[in-house]
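A.B. asks: One structure, pasted below without further comment.
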Amino acid sequence: MPQGAALNWLLTAALAGGLARGFSGFGAALIFVPLASIALGPQGAAPLMLLLEVLAIAILTPAAWRLADRPQVGLLALGALVGTPLGAAILVHADPVALRWGVTFAVLALLGLLVSGWRFRGRPSLPATLGVGLAGGVLGGVAMVSGPPVMAYLLGQAGPSWRVRASFGLYLAAGGVIAGIAYAAAGLLTPALTAPFLLAAPVYGLGIWLGTRMFGLASERAFRLGCYAMIALAALLGLPLWDGILR
């Protein structure tokens, strides 16, 4: 059971991640994993993020299945099927402190990708689709942050925005299932997550509810910039450099 400062960081991570998830549909893991790693380490934070997302995935997947480009999502998932166990192996065997540094820099790099507005401009191909799925799988296995490279790839393609959103949601669902299998096989889904989950889940749900209620109170651009700022702050606070102060 996290206590003291560790408990505060866990609940802060859950609320901030839920706010981002509820408003924009992205950024939860980019915020949650660095902050929760202060309390639980990355080997606890990433599997806990997966457990928190189970309900959202279950609710959103049926609609995404009907609207998505399922053949392309299948290829992305096939790449993730290879990449996710590699990421999970890194999560299990890497030094926790070194891994927290790595997660922070990965999150900041992915934030740079989101902020830059870069989009894939080439023609979608089998190798490119599998490669993007593989990269997303590795990042998902390490820290549940598979979304940004896949979103950049999908947004660069011709097609209606509703299909892009549905394809992305379906990929996240497939990635969540693959991550669950990989984490279970690696021994990361343990009873020790029960107490943190019971503490964080209601706060995460509250954050999602607040995020959805906040939608429309200001411009989408303002809230998106707010999400970017929260991601950056979460990544920087998650650095082991501050452990003597924050813990």
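A.B. asks: Going through the stretch 191-206 one residue at a time, which ones are more than 16 Å from A58 (Cβ to Cβ) and either touching a residue at least 12 places away in the same chain (Cβ under 8 Å) or within 15 Å of the chain's Cα centre (by Cα) (or both)?
C.D. replies: Those that are more than 16 Å from A58 (Cβ to Cβ) and either touching a residue at least 12 places away in the same chain (Cβ under 8 Å) or within 15 Å of the chain's Cα centre (by Cα) (or both): A192, L193, A195, P196, L199, A200, V203, L206.
Every residue, every condition in (1) touching an Asp or Glu at 6+ places or on another chain (Cβ under 9 Å); (2) polar (S, T, N, Q); (3) within 12 Å of I231 (Cβ to Cβ); (4) at pLDDT below 90, yes or no:
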site: M1; (1), (2), (3), (4): no, no, no, yes
site: A6; (1), (2), (3), (4): no, no, no, yes
site: L11; (1), (2), (3), (4): no, no, no, no
site: L15; (1), (2), (3), (4): no, no, no, no
site: G25; (1), (2), (3), (4): no, no, no, yes
site: F32; (1), (2), (3), (4): no, no, yes, no
site: A46; (1), (2), (3), (4): no, no, no, no
site: L50; (1), (2), (3), (4): no, no, no, no
site: E53; (1), (2), (3), (4): no, no, no, yes
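A.B. asks: Where the second residue is assigned to a helix (DSSP H, G or I) and open to solvent by less than 30 Å² (accessible area, probe 1.4 Å) and the first is free of Cβ contacts under 8 Å to residues at least 40 places away in the same chain and lies in the stretch 127-141, which pairs have Cβ atoms under 8 Å and are six or more apart or on separate chains?
C.D. replies: Pairs that qualify, where the first residue is free of Cβ contacts under 8 Å to residues at least 40 places away in the same chain and the partner is assigned to a helix (DSSP H, G or I) and open to solvent by less than 30 Å² (accessible area, probe 1.4 Å), are A128/Y153.
A.B. asks: Have a look at G140, G136, G147, G207 and point out the one that is open to solvent by less than 30 Å² (accessible area, probe 1.4 Å), at pLDDT 80 or above and either farther than 29 Å from G74 by Cα or out of contact with any helix residue (DSSP H, G or I) (no Cβ under 7 Å at 6 or more places or on another chain) (or both).
C.D. replies: G207
A.B. asks: Additional query: Which one of these does M1 not meet: (1) closer than 26 Å to I90 by Cα; (2) assigned to a helix (DSSP H, G or I); (3) hydrophobic (A, V, I, L, M, F, W, C)?
C.D. replies: The one condition M1 does not meet is (2).
A.B. asks: To continue, here is another question. Being touching a residue at least 12 places away in the same chain (Cβ under 8 Å) and either assigned to a helix (DSSP H, G or I) or on the phi > 0 side of the Ramachandran plot (or both) is the filter here; which residues of the stretch 106-126 pass it?
C.D. replies: Correct list: A106, V107, L108, L110, L111, L113, L114, V115, L126.
A.B. asks: Same structure, new question: Any idea how many residues of the stretch 61-77 are open to solvent by 90 Å² or more (accessible area, probe 1.4 Å) and touching a residue at least 24 places away in the same chain (Cβ under 8 Å)?
C.D. replies: 3
A.B. asks: Filter the stretch 191-204 down to the residues that are open to solvent by 60 Å² or more (accessible area, probe 1.4 Å) and either in contact with a helix residue (DSSP H, G or I) (Cβ under 8 Å, 6 or more places away or on another chain) or aliphatic (A, V, I, L, M) (or both), then identify the one that is farthest from L11 (Cα to Cα).
C.D. replies: A192
A.B. asks: Name, by its number, the condition in (1) surrounded by fewer than 18 Cβ atoms within 10 Å (Cβ to Cβ); (2) over 12 Å from A80 (Cα atoms) that does not hold for G131.
C.D. replies: Condition (2) is where G131 drops out.
A.B. asks: Check the stretch 151-165 and report whether any residue there is surrounded by 21 or more Cβ atoms within 10 Å (Cβ to Cβ) and within 25 Å of A186 (Cα to Cα).
C.D. replies: No: the stretch 151-165 contains no residue that is surrounded by 21 or more Cβ atoms within 10 Å (Cβ to Cβ) and within 25 Å of A186 (Cα to Cα).
A.B. asks: Moving on. Pick out, from the stretch 21-102, the helices (runs of 4 or more DSSP H) lying fully within it that include 1 or more residues that are within 21 Å of R163 (Cα to Cα) and hydrophobic (A, V, I, L, M, F, W, C).
C.D. replies: Here the list reads 42-67, 70-93.
The values are calculated or read from the model by the stated rules, or taken from the named source; none is laboratory data. None of the values given here were measured: they were computed from a predicted structure. All Cβ positions, glycine included, derive from the backbone under ideal geometry; neighbour counts span all protein chains shown. When the accessible area is computed, the model is the full protein with side chains, heavy atoms only, and any ligands, DNA or RNA have been set aside. Shrake-Rupley method; radii C 1.70, N 1.55, O 1.52, S 1.80 Å.
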